[in-house]
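Values in this text are rule-based calculations from the coordinates and carry no lab data. Please read all numbers here as calculations on a predicted model, not as lab measurements. With ideal geometry, Cβ positions are generated from the backbone for all residues, glycine too; neighbour counts draw on all protein chains shown.
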Amino acid sequence: MQQLEQEVKLDIGPDWSLPDLSGVLPGVRAHPMPDLALETTYFDTPDLRLARRHVTVRFRRETEAVPRSRRRGSGPPPEGATSEVWTVKLPSSTDGTLLTRTELTWVALPSRPNANPGTAGLRASSRRSSSAAGRPASASNRLSPTSHEGVPPTVHPEAAAFVHAVALGRPLVAVAHLLTTRQRTELRTSDGRRLAEIDHDIVSGKAFATEERGLGAESGQVRFSEIEVELSEGSSLEILEAVVEKLQESGARPTSGGSKLATVLQLSAGPKAARKRRRGPLMADLLQQQARSCLDTLLDHDPAIRAEDDDPEHIHRTRVATRRLRTVLGGFEPVVSGTPGGSPPAWFVELSEELKWFGAVLGAARDSDVRLESLEKDCAALPSPDAAGSAALLDAAREQQATNHADLLEAMAKGRYLQLLRALEALSSRTASGTAEVTVQFWATLSRPAATEMPSLAKQQWRSTVKAVGRLGSQPADEQLHQVRIRAKRLRYLAEVATPVIRRPEDRRAASATARAATALQDVLGELHDAVVREQWLRDAASRRPARAKAEVLVATGLAAGQLIAAARESQRAQRLAWTGAWDRLNRKNLLRWTAGPGAREP
C-alpha cells in the first residue's frame, strides 16, 4: 500500500501533557483512541547509506491497549490486537514545519502466540510487484550475523528490493531498535469525519553496533518525547495550523532534530576534512564531482520512480544527469587518453556506454511523458465535434507511456543498473579500475588544473558545433538540426562545468552566458525535434486499425489526427524560423573568447 503522509513534529518535555483540543476550530471534537505499544526495528547498510539519503526501512509491531477511558485500576494497560507492518519511507519535502513523505507498506498477518517475529505469513499489500521494484540479490535482505532479541530474521523481500539500488546492493542489517508508547487522540467533525490524529510518543531506543560504523558496542538507551500531528486525507491545512498553535501555547516547540531514527543514531555531518591549499581544482577533482553529482541524482530519484510517483521531474532530472555525465566523459576523453591518438581505459568507455543505455531507457519514458502532455493540451483545443475522435489517440499515448515506464522499471531491476551505480561510486571515490596501478596512472593523467583545461575542451566542442551548422544548407533536414541541438547541449554542459573553476571574473561571466545561450538554442531545436517526432507518432497511431473498430470511429480518429498533425507542423515552422536567431546569440566571438584561455581574442 502506498500513501502520502503529511505531519508536523514538535518537541516536548518529559512532564508535558496534551491540552484539550476540542473546539480548536468550530465543530471540532477530540476523541481519545487506544494507546499503542510500538516496537520498531530499523534496517540499513552497515554504513547507513539509506539514512543518509533520508530513506528508511523498518519493521514495526503494534500492540493496541484498552482506551484510557475504559481502564480500571492503576496497573499496566491490558493488551489488545497486534499487527506487524513493514514500511519504506521516502525522502520528505518540507514546507515550513509541514513534512510530506511517501510511505509504502507491506502488512504481515496477525501474530500468533510464541510465533517467530516478522515471519508470520507476510502478506504484501503494496500495489507493486517485486519484479517492478527491483529484484534484490540474495544477500540484500540477510540480517547481521549478530542476533538481537525481537529483531525479525529477514527483511520483507519487496521492501529489500525497493531500496536495493539506494543501498548499492549491500546487505541490510538491523541498526536500531525503538520502544514507543503512543498516546493517540483523534480530531473529528460533528458528523464524525476524521480530520487529524495527534500522537504523543514516549520513545526509548538504542543503536546496534556494526563493524563499518566503528561502534565497539551497542549505544546506550536514548530517551525522548515528541508530538506528531498527522493530517487525514482531504483535511485542510487550517486544522493543522490551529492544532499546532494550541500545542505550542501548551509548551511544545518546533523540533530541533529529524526523524526518530536520526535521533537514536545521532547522525551528524561530522567534522569536515581539512583541504590542502592549492591554486584551484584539478581535472581529477572535477571528474569526481561530476560522477558524484550523477550518482546522487540517480539515487535521490530512484525510490520515487520505483513508487511510480506522478511527478515527471524524477525521470527528467535523472535523464539529464546521465546525459550530462556522458557529455563530460566524452569531453574528458582526449585528456584521459594520455597521448594524441591514444585510447581511454576500457572501463571508462564501458561507463559511457552504460550511461548511454540507461539514458535511452529514461529518454523513452521521458519522451512519452512529454508527448502525452502535449497531446492532452492540443486535444483539449480541438473543436467539440472532433474531440471524441482524439480519444483513441490519447489512449494510444497513455498505453505507450505505460509501456515505456514499465521498461524503465524493468531496467532498474537488472544487475546492469546496479553495476552502473557501483561504477559511478567507484569513479567518485577514485577507485574506478580493477588494479591500483591503473588507477594511479589514470588519475595522474588528470592532475592538470581545471581552470586551463576546461576552456580547451569547450573550445573543441564549440568548433564541432560550428562545423555542424556550416554543413547546413538553405533548407536543412530535421536530422541535421537535431545534430546541431546535440552539439549545443554538449557545449552547454561543458560550459556549466567550467564556469565555477575559471579564474578571471569576466571569463566566468562569459562561460555562464555561453551556457545560457547554448541552452536557448537547445530548447528551440528541442521543440522542433519534439514536433517532428510527434507528427510521425500521430501518423503511425492514426494508421492503425483496431479489430472491430467502427468506420465512423476510424474517420473521427483520422480527422482529429489530421488537425493535430497540422498543429505539429505549425510548431515546426515556428521553431525553424526561431533557431537562427538563437544561433546568432550564441555565435559571438566576445561571448566565446573564454574558450581560448586567458588573453586570447577569439575561439
Quiz item: How much length, in nm to one decimal, is gained on full extension between Thr189 and Gln460, taken as 0.36 nm per residue of separation minus their Cα-Cα distance?
Solution: 90.8 nm
Self-check item: Highest to lowest packing among 375-387, 401-413, scored as the average C-beta count within 10 Å
Solution: 401-413, 375-387
Practice problem: Would you mind calculating the gained length between Leu554 and Thr452 on full extension (0.36 nm times residue separation, minus the Cα-Cα distance), in nm to one decimal? | Solution: 30.5 nm
Quiz item: If you count, for each residue, the other Cβ atoms within 10 Å and average over each peptide, how do 151-163, 444-456 line up from highest to lowest?
Solution: 151-163, 444-456
Quiz prompt | Cβ-Cβ FRET estimate between Arg585 and Asp311, R0 fixed at 25 Å, reported to 0.05 | solution = 0.20
Quiz item: Of His482, His314, His164, how do they rank once you tally other Cβ atoms within 10 Å and put the fewest first?
Solution: His482, His314, His164
Practice problem: Please compute the net charge surrounding Val335, taking Lys and Arg as +1 and Asp and Glu as -1 over other residues with Cβ under 15 Å from its Cβ. | Solution: -1
Quiz prompt | Local electrostatic count, Leu559, Cβ distance below 12 Å [Lys/Arg +1, Asp/Glu -1] | solution = -2
Quiz item: Going highest first, how would you order 468-476, 194-202, 23-31 by mean Cβ packing within 10 Å?
Solution: 194-202, 23-31, 468-476
Exercise. Please report the relative contact order for the range 449-603, taking Cα pairs under 8 Å with a sequence separation of at least 6, and give it as a percent rounded to a whole number.
Key: 30
Quiz prompt | Spin-label zone in the range 326-348 - amide nitrogen under 15 Å from a point set 7 Å from the Cα of Trp357 along the C-beta vector | solution = 347-348
Quiz item: If you stretched the chain out fully between Ala391 and Leu577, how much longer would it get, using 0.36 nm times the residue separation minus the C-alpha to C-alpha distance?
Solution: 63.7 nm
Quiz item: Which entries in Lys89/Lys356; Lys356/Lys414; Lys9/Lys246; Lys89/Lys260 show an alpha-carbon gap greater than 21 Å?
Solution: Lys89/Lys356
Quiz prompt | FRET efficiency, 1/(1 + (r/R0)^6) with R0 30 Å, evaluated for Arg508 and Asp47 via beta carbons | solution = 0.25
Self-check item: Least to most buried among Lys414, Lys467 (fewest other Cβ within 10 Å first)
Solution: Lys467, Lys414
Quiz item: What's the tally of Lys pairs in the range 449-603 whose alpha-carbon atoms lie under 22 angstrom apart, where the two lysines are 8 or more places apart or on different chains?
Solution: 6
